[in-house]
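K.L.:
Take a look at the following structure, please.
What follows draws every value from the coordinates through simple rules; no lab data is involved. Here the structure is a predicted model, which is why all the values come from computation and not from measurement. Please note: Cβ atoms are built from the backbone with ideal geometry, for glycine as well, and neighbour counts cover all protein chains shown.
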Amino acid sequence: MLDLGVIVANFKFLVVQGLFGLGGFAGGTLRLAIPAIVLGFVLGIFIGLARLARSRFVSLPATLYVEFFRGVPLVMVIFWIWFIIPQLLRLPIPEYGVALTAFVIFEAAYFGEIIRAGIQSVPRGQVEAATAVGLTSAQTMRFVVLPQAIRNMVPALVTQMIVLFKDTSLASIIGYVDLTKAAQIVNNREIKPFELYLFIAVVYFVFTYSMSLFARRFERRLAS
Amino acid sequence: MAGAAIEFEGVSKWFGNHQVLTDIDLAIVPGEVVVVCGPSGSGKSTLIRCVNGLEPFQRGDLVVLGDSLASAGVRMPALRTRVGMVFQSFNLFPHMTVLENITLAPVRVRGLSATEAEKTARTLLERVRIPDKAGNYPANLSGGQQQRVAIARALAMQPKIMLFDEPTSALDPEMINEVLDVMTDLAKEGMTMMVVTHEMGFARRVAHRVVFMDAGRVVEEAKPEAFFAAPKSDRAKDFLSKILSH
């Protein structure tokens, strides 16, 4: 039988420290995931738009950025920032800073691609029609292209946010005490792997499934 | 030509190495309706897309309502408000209602209040004979209705010139006339129009002049009666025999 007592006894550590990051250790799944999603998305907007820029001086670096970070594993990016950057800068970077930087840099490449594809999914005729009635290119972007592009992007964006949310568990490899690491710490003491890893699976699932549900409702609202 | 609404002066255009317009000279006076026809790939769409700057050209000049497009510093968005355009594929904004499609530019570009713009839009919808569709989204309209909304959207900016790029080519046959009727009304009201179309009946009835293009050149221009009765060039004869035979 499952011994849920281990969850109850360690609930505060698992949830307050592991999930929210309020505790004695640098950590927290949400404390990492939420700013990583927001900042990664914002950086992704710039990268996506830069890839579409007419000037090659703008689009080429953005393309290289995307191709590079899509081509290397996330764990490696985390290790670079953890081991190499502090050596180059001769400055220690705390776990939280390392994890957040790695996620933002890495995920921005994916968000940028989604944003680029979303904008390109809007037919050329839409831009031409907006241009023909006298809208400036900024107005065309704002009133005609982006509203349609965002609608097309929502499913892919939410998928990427879910992936990012789950990938924050990789931050545990540098000692960042997120939900996964918290469960690991408790398990090392209590040896209750079934209960602990089942519990965190449920927590991850609750969050990711809520994101899917929210996205579905959001899509429906956009469609009507 | 003094007083021309649109004047092409030796306009040439290339896509890469491929020349699509060659030394176009053509003047259209205010109130004139000109039908541009010719085989596909002859450059007729490109020609009218030059008029509102959707296509740049590399040589010559194009003077539209007194503004030279070749000279630097023409404010294209401002010029475009005086030149309306209707596309083959309608290009209505799918995320906006009919009313929003029509009022977007008057509000954002002209700076009209929403109420004023809406009033004009409703009048225009009467004019294109679909006053009851204001709240619909484009997806819920037939092709003919969508194209009439597109005409209303262009007219909302009170343009001096209207360009039509194969406005009925994407329509089911039974809807072609409802669009042509609106265009005929517009022509009768004295709008300056350039129309790329294969609707030779419309050309015969409504156009003041037919311009026949082939391979990027204006091969022939004539009054419709003369053009259809006795085309001068072999290429025009060949073209007409192909499209009028059925």
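K.L.:
Return a whole-number percent for the relative contact order of chain B, with Cα pairs under 8 Å and 6 or more residues apart as the contact set. The partial results should precede the final answer.
P.N.:
Details: 444 pairs, mean separation 65.0, N = 246.
It rounds to 26 percent for chain B.
K.L.:
Whole angstrom only: what separates the Cα centroid of the range B:194-234 from the Cα centroid of the range A:116-181?
P.N.:
Their Cα centres are 48 Å away from one another.
K.L.:
Further question on the same structure: List A:69, B:90 from most exposed to least, where exposure is judged by having the fewest other Cβ atoms within 10 Å.
P.N.:
By the 10 Å Cβ count, ascending: A:69, B:90.
K.L.:
Same structure again: Taking only C-alpha pairs under 8 Å that are 6+ residues apart, what is the relative contact order of the range A:5-223 in percent? Could the numbers behind the result be given before it?
P.N.:
Working: 250 pairs, mean separation 62.4, N = 219.
28 percent.
K.L.:
Sticking with this structure for a sec: If each residue's Cβ is checked for other Cβ atoms within 10 Å, how do A:81, A:173 rank with the fewest at the top?
P.N.:
Ranking A:81, A:173 by Cβ neighbours within 10 Å, fewest first, gives A:173, A:81.
K.L.:
To continue, here is another question. Points 7 angstrom from Cα along the Cβ direction at residue A:150 and residue B:208: gap in nanometres?
P.N.:
Calculated label separation equals 4.7 nm.
K.L.:
Which angle from 0 to 90°, rounded to the nearest 10, does the C-alpha axis of helix B:114-127 make with the longest principal axis of chain B?
P.N.:
The helix B:114-127 is inclined about 60 degrees to chain B.
K.L.:
Between residue B:122 and residue B:184, what is the label-point separation in nm under the 7 Å Cα-to-beta-carbon projection?
P.N.:
Using points 7 Å along Cα→Cβ, the separation is 2.9 nm.
K.L.:
For a quick check: sort B:176, B:6 by the number of other beta carbons within 10 angstrom, fewest at the front.
P.N.:
Values: B:176 20, B:6 24.
The fewest-first ordering by Cβ neighbours comes to B:176, B:6.
K.L.:
Does anyone have the angle between helix A:56-71 and the longest principal axis of chain A? Alpha-carbon axes, 0 to 90°, nearest 10?
P.N.:
Helix A:56-71 sits at roughly 30 degrees to that axis.
K.L.:
Still on this structure: Quick one: 3J(HN,Hα) in Hz for the range A:80-90, Karplus 6.51/-1.76/1.60 with θ = phi - 60°, rounded, Gly and Pro as x.
P.N.:
Values, residue by residue: 3, 5, 6, 9, 8, 4, x, 5, 5, 7, 6 Hz.
K.L.:
If you place +1 on the Cβ of every Lys and Arg and -1 on the Cβ of every Asp and Glu, how big does the dipole about the Cα centre of the protein assembly as shown come out, in debye to the nearest 20?
P.N.:
800 debye
K.L.:
From the square roots a ≥ b ≥ c of the eigenvalues of the alpha-carbon gyration tensor of the range A:5-223, which class results: rounded (a/c under 1.5), prolate (a/b over b/c), or oblate?
P.N.:
On the way: a/c = 3.31, a/b = 1.71, b/c = 1.93.
Oblate, because a/c is 1.5 or more while a/b does not exceed b/c.
K.L.:
Counting only DSSP beta bridges with both residues in the protein assembly as shown, what percent are antiparallel, rounded to the nearest 5? Let's see the in-between values first.
P.N.:
Values: 20 of 38 bridges.
Antiparallel bridges make up about 55 percent of those DSSP assigns within the protein assembly as shown.
K.L.:
With a point put 7 Å past each Cα toward its Cβ, work out how far residue B:55 is from residue B:174 in nm, to one decimal.
P.N.:
The modelled label-to-label distance comes out at 3.5 nm.
K.L.:
Need one word for chain B: rounded, prolate or oblate. Basis is the Cα gyration tensor (sqrt eigenvalues a ≥ b ≥ c); a/c below 1.5 gives rounded, then a/b vs b/c decides.
P.N.:
Oblate is the answer for chain B, as a/c is 1.5 or above yet b/c matches or exceeds a/b.
K.L.:
Let me ask another. In degrees from 0 to 90, rounded to the nearest 10, what is the angle of the helix A:193-223 Cα long axis to the longest principal axis of chain A?
P.N.:
The two axes meet at around 20 degrees.
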